[in-house]
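Colleague: What follows is a structure written as structure tokens; I'll ask about it next.
The values are calculated or read from the model by the stated rules, or taken from the named source; none is laboratory data. Only a predicted model underlies this, so the values are computations on that prediction, with no experimental measurement involved. Neighbour counts run over all protein chains shown; Cβ positions are idealised from the backbone, glycine included.
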Amino acid sequence: MTDQIDPTIGDSPILDEAPTVTIAGKTYQLRRLGVRDTFAIARIFAVGAAAMNRPLGNSAMSDPSALAPLLLSGLMAAEETTMKLLASVIDVTVPELEKMPMEAPLEIVAALAEHQDLRAFFARAGELMKRLPEMQTRSRAAST
């Protein structure tokens, strides 16, 4: 049984299968996401948040339905990063992705927004963001 509330606890991080996406009749399973993906995804989300004039707050960090619009907005502005990431997660080359139908990036983005690893990353990032103001306050306090 998977834990739908917190994607970072229980058996979800290990047992949940990566989402699949069907493009032009062919099904692709998204691979597990790793450290190198963090930087590409962060860039795309930051560009998307700026384009939508929305902060990357805790609600955006933990709600998959809030992630998809940010990812979609960043898609156009960070084209090279996005194309490399989307091709990589379905295990095709960028030239192969470029030959796919126009809706292919949209389908991959929708699946990526539901990806267990991405949800877990943003849940942890949201926790860190909650602690940062407290950490900054503590660091400014006089030491004893």
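Colleague: Name the single residue, out of those in the stretch 93-120 being at pLDDT 95 or above and buried (at least 18 other Cβ atoms within 10 Å of the Cβ), that is farthest from the chain's Cα centre (by Cα).
Modeller: Looking at the filtered set, the residue picked out is 100.
Colleague: Restricting the stretch 8-23 to residues that are assigned to a loop (DSSP other than H, G, I, E, B) and closer than 22 Å to residue 85 by Cα, which is modelled with the lowest pLDDT?
Modeller: Looking at residues that are assigned to a loop (DSSP other than H, G, I, E, B) and closer than 22 Å to residue 85 by Cα, I get 16.
Colleague: If you check 52, 61, which single one turns out to be at pLDDT 85 or above and not small (Gly, Ala, Ser)?
Modeller: Criteria check complete, one pass: 52.
Colleague: Also, I was wondering about something else. Return the residue satisfying two criteria in turn: it lies in the stretch 68-87 and is small (Gly, Ala, Ser) and without any contact (Cβ under 8 Å) to a residue 40 or more places away in the chain, and of such residues it is surrounded by the fewest Cβ atoms within 10 Å (Cβ to Cβ).
Modeller: 77
Colleague: Taking the stretch 24-54 on its own, how many of its residues are surrounded by fewer than 18 Cβ atoms within 10 Å (Cβ to Cβ) and not in a helix (DSSP H, G or I)?
Modeller: 10
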